[in-house]
Every structure is written in structure tokens, then in C-alpha cells.
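Read-outs throughout are calculated quantities, based only on the coordinates presented, and are distinct from any laboratory measurement. Nothing here was measured: the structure is a model prediction, and the numbers come from that model. Cβ placement follows ideal geometry from the backbone for every residue including glycine, while neighbour counts extend to all protein chains displayed.
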Amino acid sequence: MKTRAPKHKAPPRSCDCHFHIFGPFDRFPMSPGRSYTSPEALVPAYLEMAETVGLQRMVVVQASIYGTDNAVTLDAIAQFGLHRARGVVVIDDSFDDASLRRMADQGIRGVRFNMVSGNGTPVEQLQALARRIAPLGWHIQIYADGTQILEMGEMLAKLPVEVVIDHLGGVKAGLGQAHPQFQALLRLMGSGRAWIKLCSYRASSTGQPWADTGPNVQAIVAAAAERCVWGTDWPHPQMDPAPEAGALLDQLFEWVPDAGVREKILVDNPARLYGF
């Protein structure tokens with residue numbers, strides 16, 4: 001699907017902090033333990049989208065269809081180049097320290113725990129792995145739903161590494177901001193230990209055009225703009241209809257009208273978090 005240009009391109013050095021590369025499947029076959037199947041989504045197609053939207057930096061996130069085999073993510077970073085790309089991997093306690101150091105040299109800056117799609121690391125390993133990656137300066141990235149954020153928020157705030165929350169914390173917009181799940185998310189953001197990805201459409205209660213998430217985005221930006229980042233979630237796996245990256249950027253411009261705050265979210269914050 002060809003991406004339509006947004007009304008305003010992203011500012012220079014803007015970073016897409018969340019997307020996936022799938023394939024080529026003859027080189028990088030999907031894991032048999034996956035919970036869904038994706039069509040190929042390759043580096044050239046991603047770069048075409050990024051050029052249209054105005055994204056010059058990028059963070060490849062290991063998707064659950066690959067389990068703990070991070071070859072596709074590391075290959076994509078190499079294709080993009082370390083001058084503009086970083087990555088987040090999925091590991092478990094079978095990875096030794098030398099392999100983690102090698103991945104750090106290849107641009108990896110975080111470890112993802114996926115409690116929604118599965119096929120990843122057992123959550124029981126989270127605290128031990130956090131201790132192991134702390135010397136590398138990596139973070140833990142959490143893909144969870146709002147119920148899990150409510151249950152885990154206090155523990156996440158006490159980890160020895162910073163925490164990055166996927167998809168607006170998975171708190172459904174229809175619950176309202178007074179709901180305990182959203183309040184737990186705000187407390188986690190207020191801890192000073194957490195960052196959040198403002199790719200929000202998966203938290204929508206109404207569906208396309210996913211605009212009901214706007215008030216929650218605005219509340220989180222008001223609370224912790226210095227720890228908010230944004231991503232396209234390209235190629236939008238398991239979404240039908242799928243959003244367009246340009247339209248998602250238009251929403252961010254609408255919800256965050258202050259150009260200086262947008263510059264933080266799109267440029268400055270990712271540079272700090274991922275080491276650009």
C-alpha cells in the first residue's frame with residue numbers, strides 16, 4: 001500500500017521509534033510458534049514510506065512472528081546503517097553476555113517483552129534480564145494491555161533500567177482517564193523511569209480513524225512530554241483496515257499543536273533514548 005503524504009512532513013532528524021521488518025521469508029522464515037502470519041514488509045518499502053512522511057531515523061522492533069531469532073532485525077539495521085538506525089530485540093536467559101555485547105555493537109538498545117502476541121520471553125525472566133542488560137545502558141520495552149500495566153506498574157518503576165511502554169500502554173480509550181488502568185499508566189510515567197510510545201491506534205475503542213485516543217495522548221504529553229516518543233507501527237500487523245503513516249503523523253500534529261513539544265517527541269527524545 002502506497003503511503004499518502006501527510007499535511008506537514010516530520011521535522012528534520014525525526015525518528016520512527018516503532019516498526020517491523022518481515023522477510024524476505026526465504027532468508028528469514030517466520031517462527032512456527034507465532035500467533036499470526038504477516039505478508040513480507042521489506043526495507044525498500046519501509047524507506048519509501050519513511051521518505052514520504054519525512055522520517056530520517058528509525059528503530060526496528062523485533063516482532064513476535066520471529067520469536068527470539070533476531071536475525072531479521074539485525075540485518076535491517078545493517079541495511080539502514082548505524083548513522084540512522086537502532087533496534088530492539090527479543091531475548092531470553094539462553095543468551096550469553098558476549099552475544100548481548102555483540103548486539104549492542106550492532107545498534108541494539110533495548111529488549112522487548114510482548115505479553116499480547118506471545119512467542120517471546122517468559123515474563124518471569126523480566127527482572128533477571130533487566131539486571132543483565134543494565135550495564136549495557138539498554139531499556140526494557142513492554143507490550144502489554146491496560147490490565148497488565150495496572151498489575152505490573154509498581155514493579156516496572158523499580159527495575160534497574162528504564163522502561164518503554166508500547167502502544168499507549170494498551171489502555172482502551174473508551175475506559176476514560178479516571179479509570180484505574182489509565183491512572184496506573186500516569187503514575188508509571190510520573191515515576192521518571194518510564195517512556196511511552198505514542199503510536200496509539202491499537203488503544204482505540206471506536207476503530208478507524210482511531211481518533212478517540214487523542215485525549216489520552218494529550219494527557220500523557222502534558223504529564224511527561226520529555227519521555228514521549230512516536231512511531232508508525234508500520235506495516236501495521238493484524239490491522240484491517242490498516243492506518244496510513246502519513247495520517248497518523250497528521251493526528252500527532254493535531255493533538256500536539258506546539259511545534260517545540262513535537263520536536264521533543266520526534267527528534268530530541270528519541271536521540272536521548274536510542275543514542276543517536
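Things worth noting here:
- Modelled spin labels at Arg84 and Glu40, positioned 7 Å past Cα toward Cβ, are 2.2 nm from each other.
- Paramagnetic reach from Lys9 (point 7 Å along Cα→Cβ, amide N under 15 Å) across the stretch 45-86: 47-57
- Sequence ranges 37-47, 143-153, ranked by mean other-Cβ count within 10 angstrom, highest first: 143-153, 37-47
- Net charge of neighbours whose Cβ lies under 10 Å from the Cβ of Glu244, counting Lys and Arg as +1 and Asp and Glu as -1: +1
- Within straight-line cross-link reach of Lys172, lysines at Cα separation under 18 Å, skipping those fewer than 8 residues along the same chain: Lys197
- Computed over the stretch 14-69: relative contact order in percent, which uses C-alpha pairs under 8 Å that are six or more apart: 56
- Compactness of the stretch 105-215, taken as the C-alpha radius of gyration over 2.2 N^0.38 Å, stands at 1.07.
- Rg to Rh quotient for the chain, alpha carbon positions, Kirkwood Rh: 0.93
- Net charge contributed by nearby residues that have their C-beta within less than 14 Å of Pro215 (K/R +1, D/E -1): -1
- Mean separation of Cα contacts under 8 Å, 6 or more apart, over the residue count of the chain: relative contact order %: 20
- Size descriptor, Kirkwood hydrodynamic radius, that averages inverse alpha-carbon separations across the stretch 1-114, Å: 14.8
- The chain - mean residue ellipticity at 222 nm from DSSP helices (-39,500 (n - 2.57) per run, n ≥ 4, rounded to 500): -10000 deg cm²/dmol
- Placing a pseudo-label 7 Å from each Cα along the Cα-to-Cβ vector at Asp96 and Asp240 gives an inter-label distance of 4.5 nm.
- Cα centroid separation - the stretch 173-241 against the stretch 27-99, whole Å: 23
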